[in-house]
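One structure below.
The values are calculated or read from the model by the stated rules, or taken from the named source; none is laboratory data. Note that the structure is a prediction, hence the values are computed from the model and not measured. Note that each Cβ is placed from the backbone with ideal geometry, even for glycine, and that neighbours are counted across all protein chains shown.
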Amino acid sequence: MPDRRRFLQSAGLAAASMLVVPAITRAAVPAAGGDAVRARIAAAADFATLEAAAQGRLGVAVLDAGSGRHLGGHRPEERFPMCSTFKAMLSAAVLAQADRGALSLDERLPVGEADIVSHSPVTRRHVGKDVTVRDLCRATMTTSDNGAANLLLGRIGGTAGLTAFLRGIGDRVTRSDRMEPEMNAFAPGDPRDTTSPRAMAGSLARCVLGDVLSPASRMQLADWLVDNGTGDDCLRAGIGPGWRVGDKTGGDGAGTRNDIAVAWPLGQGSPWVVTAYLQGAKVDSPSRDAVLARAGALAAQLVAGR
């Protein structure tokens, strides 16, 4: 994948928002797929129709970062499992600690065999070695490395430390409770490791475009989002030309597929944020990605009308 960073040297800053509350249902085993299913997804004219095509529960929030105004969405205040989208907030928390001198991005952490969990493509290659905090952040942001995420969580005070960071930036909804990969197991009514689309949109905007982090740390977080290698078929695919997109995906390998993104204008305009959470979808993996791509396209339509 080509390096996407250079664009961000001229990216602007903006303000943001947040919000609140309820429910959750169990992820389902995916079933349907193929051209007919994806045609229904591509034809969805609004988020409710898209949700029906996905045969699951879809949450979306679209935030105009220039004004801090929420432009629309679907189930924006319901709770959804974060899965790996939490890694964007984890990396922001690490950068915030670096800003205040509590740690250094050049600090090296040892990687042991016990640190290797499912989906640890980068850390697996470094067992018995030391890896910098900076490289662990990059690994968890661009490859979604779970071992790297756990090492970083350990460095900032665990899941309680991450939740405290979120509360400190005004997010009263998002919560981190378990390490990888246990955090991807969820049941109806279980609030652990959940967020709402609206809360995550506000937190992402505050960290990437607001004043939570220093300018250098905001740039670093944006670089990692833009360089992500797991989201090309998701929100990025639907947002389309005219925007440079950085994102962080998540999923449980079954019916849950998520993506959160920041879009910067290549020309005139202000950046915006979209968060999309799909749970319990009864469609196959390519179709779940197609749902997120269509959500990105619908979000871009809302932005065009702002």
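In table form, for the structure just shown:
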{"item": "When residues of the range 160-202 are limited to those that are among the acidic types (Asp, Glu) and in contact (Cβ under 8 Å) with a residue 12 or more places away in the chain, the one farthest from Thr140 (Cα to Cα)", "result": "Asp190"}
{"item": "Any hit, the range 150-159, residues being of a type in the set (Lys, Arg), within 30 Å of Ser270 (Cβ to Cβ), touching a residue at least 60 places away in the same chain (Cβ under 8 Å) and surrounded by 16 or more Cβ atoms within 10 Å (Cβ to Cβ)", "result": "no"}
{"item": "Selected residue (criterion: nearest to Pro215 (Cα to Cα)) from residues of the range 97-121 that are touching a helix residue (DSSP H, G or I) at 6+ places or on another chain (Cβ under 6 Å) and among the charged types (D, E, K, R)", "result": "Asp99"}
{"item": "Residues satisfying the stated conditions in the range 79-104, i.e. in contact (Cβ under 8 Å) with a residue 60 or more places away in the chain and part of a loop (DSSP other than H, G, I, E, B)", "result": "Arg79, Met82"}
{"item": "Residue ID - surrounded by the fewest Cβ atoms within 10 Å (Cβ to Cβ), chosen from residues in the range 56-108 that are hydroxyl-bearing (Ser, Thr, Tyr) and closer than 30 Å to Arg134 by Cβ", "result": "Ser104"}
{"item": "Sole residue being of a type in the set (Lys, Arg) and within 17 Å of the chain's Cα centre (by Cα), chosen from Arg167, Arg175", "result": "Arg175"}
{"item": "Options Arg178, Arg167; residue that is surrounded by fewer than 24 Cβ atoms within 10 Å (Cβ to Cβ), of a type outside the set (Asp, Glu), assigned to a helix (DSSP H, G or I) and at negative phi", "result": "Arg167"}
{"item": "Subset of the range 181-194 (residues that are closer than 27 Å to Ala114 by Cβ, modelled with pLDDT of 95 or more and either surrounded by 18 or more Cβ atoms within 10 Å (Cβ to Cβ) or in contact with a Lys or Arg (Cβ under 7 Å, 6 or more places away or on another chain) (or both))", "result": "Pro181, Met183, Asn184, Arg192, Asp193"}
{"item": "Identity of the residue in the range 125-154, more than 21 Å from the chain's Cα centre (by Cα) and among the basic types (Lys, Arg), that ends up nearest to Gly231 (Cα to Cα)", "result": "Arg125"}
{"item": "Odd one out for Asn258 among (1) among the polar types (S, T, N, Q); (2) in contact with a Cys (Cβ under 6 Å, 6 or more places away or on another chain); (3) within 12 Å of Leu50 (Cα to Cα)", "result": "(3)"}
{"item": "Residues located in the range 272-281, provided they are surrounded by 22 or more Cβ atoms within 10 Å (Cβ to Cβ) and either in contact with a Pro (Cβ under 7 Å, 6 or more places away or on another chain) or among the small types (Gly, Ala, Ser) (or both)", "result": "Thr275, Ala276, Tyr277, Gln279, Ala281"}
{"item": "Residues (at pLDDT 90 or above, out of contact with any strand residue (DSSP E or B) (no Cβ under 8 Å at 6 or more places or on another chain) and either among the hydroxyl-bearing types (Ser, Thr, Tyr) or within 14 Å of Arg198 (Cα to Cα) (or both)) located in the range 7-65", "result": "Thr49"}
{"item": "Lone unmet requirement of (1) under 18 Å from the mean Cα position of the chain (by Cα); (2) buried (at least 18 other Cβ atoms within 10 Å of the Cβ) for Ser285", "result": "(2)"}
{"item": "Residue in the range 235-249 that is outside any strand (DSSP E or B) and in contact with a Ser or Thr (Cβ under 9 Å, 6 or more places away or on another chain) present", "result": "yes"}
{"item": "Every residue from the range 223-270 that is of a type in the set (Gly, Ala, Ser) and surrounded by fewer than 24 Cβ atoms within 10 Å (Cβ to Cβ)", "result": "Gly229, Ala237, Gly240, Gly242, Gly253, Ala254, Gly267, Gly269, Ser270"}
{"item": "Check on Asp211, over 17 Å from the mean Cα position of the chain (by Cα), under 18 Å from Ala92 (Cβ atoms), assigned to a loop (DSSP other than H, G, I, E, B) and charged (D, E, K, R)", "result": "yes"}
